[in-house]
1. With every protein chain left in place, what is the accessible area of Asp33 in Å² (1.4 Å probe, nearest 10)?
2. Short version: what are the Cα gyration tensor semi-axes of the stretch 4-250, square root of 5 times each eigenvalue, largest first, in whole Å?
3. Can you tell me the accessible area per residue over the stretch 153-205, all protein chains present, probe 1.4 angstrom, in square angstrom?
4. Could you give the length gained by full extension between Arg146 and His243, i.e. 0.36 nm per residue of separation minus their alpha carbon distance, to one decimal place?
5. Can you put Glu155, Glu7 in order of accessible area, largest first, using a 1.4 Å probe?
6. Would you mind telling me the share, in percent, of accessible area of the stretch 4-250 contributed by carbon and sulfur at probe 1.4 angstrom?
Amino acid sequence: MQGVAGEGILIAAGGRAILLQLANPAIGHGVADHSHFAARPLDRLNGTLSYVYAIVFGDADLAAAMTARVNQAHGPVHSADTTPPYDAFTPALQLWVAATLYESATDLHRRLYGPLDDETADAVYREYSRLGTSLQVPPQLWPADRSAFRRYWNEQLASLTTDAATRAVAHDLLHSRTAPLWYRAALPLARLITAGLLPPHVRALFDLPWSARHQRRFDRVLGGIRLIYPRLPRLVRHWPKNHYLRALHASVPAPVV
């Protein structure tokens with residue numbers, strides 16, 4: 001899994017994963033009520049990347065520290081008086097979040113590198129389960145194998161929906177006016193890639209425009225990435241992972257022995 005998860009280009013699938021999460025009504029309303037995409041659009045992405053890199057590449061102390069940090073952030077995220085009710089500690093919701101991270105990363109990796117062999121794909125699948133089971137997802141809740149995951153995935157896709165609140169969160173993510181200048185400059189490309197990677201019916205749920213012209217642009221962008229990115233030195237391709245790990249190690253106190 002580390003060879004897959006360490007590829008920095010997979011961050012480009014982050015918007016896809018977030019929108020798939022938002023299309024689960026309980027997650028979407030939890031984010032709408034307790035997150036601040038409009039004011040701090042990078043927070044969720046940075047938090048997710050920090051957690052993924054800590055779980056996959058960090059030692060036990062770093063992984064435990066990040067798990068505790070995520071649990072602390074999830075503490076206030078609950079409501080029994082809304083429709084739908086939600087609680088960030090619900091295992092089924094955490095399973096869906098982890099599933100979107102796994103499926104989005106491996107989908108983009110496949111588009112760029114081609115399919116993994118079965119042995120590698122199975123290993124990647126097993127390791128990605130840790131993104132959920134390191135929190136509140138019981139191991140038996142994670143689908144037993146890739147075939148079971150595909151059935152689960154298709155069932156979940158069929159149940160996704162959006163409303164004005166969750167569409168507004170997605171809009172804030174993809175049309176931020178308060179993010180750093182470099183982020184805003186990258187948003188047109190991010191919107192194209194996010195929309196292009198989404199299943200068509202989920203794209204429609206968020207009212208994301210799509211046409212034959214959009215598809216041609218998306219295909220050209222993906223073709224250019226496929227041509228250039230795999231030829232970059234590994235140090236460049238894995239720079240985001242190394243950057244986040246350095247920052248995490250600097251922010252987490254050393255254990256007392």
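1. Here the residue's solvent-accessible area equals roughly 80 Å².
2. Working: eigenvalues 120, 107, 77 Å².
One finds semi-axes of 24, 23, 20 Å for the stretch 4-250.
3. Working: 2690 Å² over 53 residues.
Accessible area per residue: 51 Å².
4. Numbers: separation 97, 0.36 × 97 = 34.92 nm, distance 3.10 nm.
Roughly 31.8 nm would be gained on extension.
5. Values: Glu155 120, Glu7 10 Å².
Ranked list, largest accessible area first: Glu155, Glu7.
6. On the way: 7000 of 12070 Å².
C and S atoms contribute 58 percent here.
The values are calculated or read from the model by the stated rules, or taken from the named source; none is laboratory data. These numbers come from a predicted model, not from an experiment. These area figures cover heavy atoms from the full protein model, side chains too; ligands, DNA and RNA do not enter into them. Shrake-Rupley method; radii C 1.70, N 1.55, O 1.52, S 1.80 Å.
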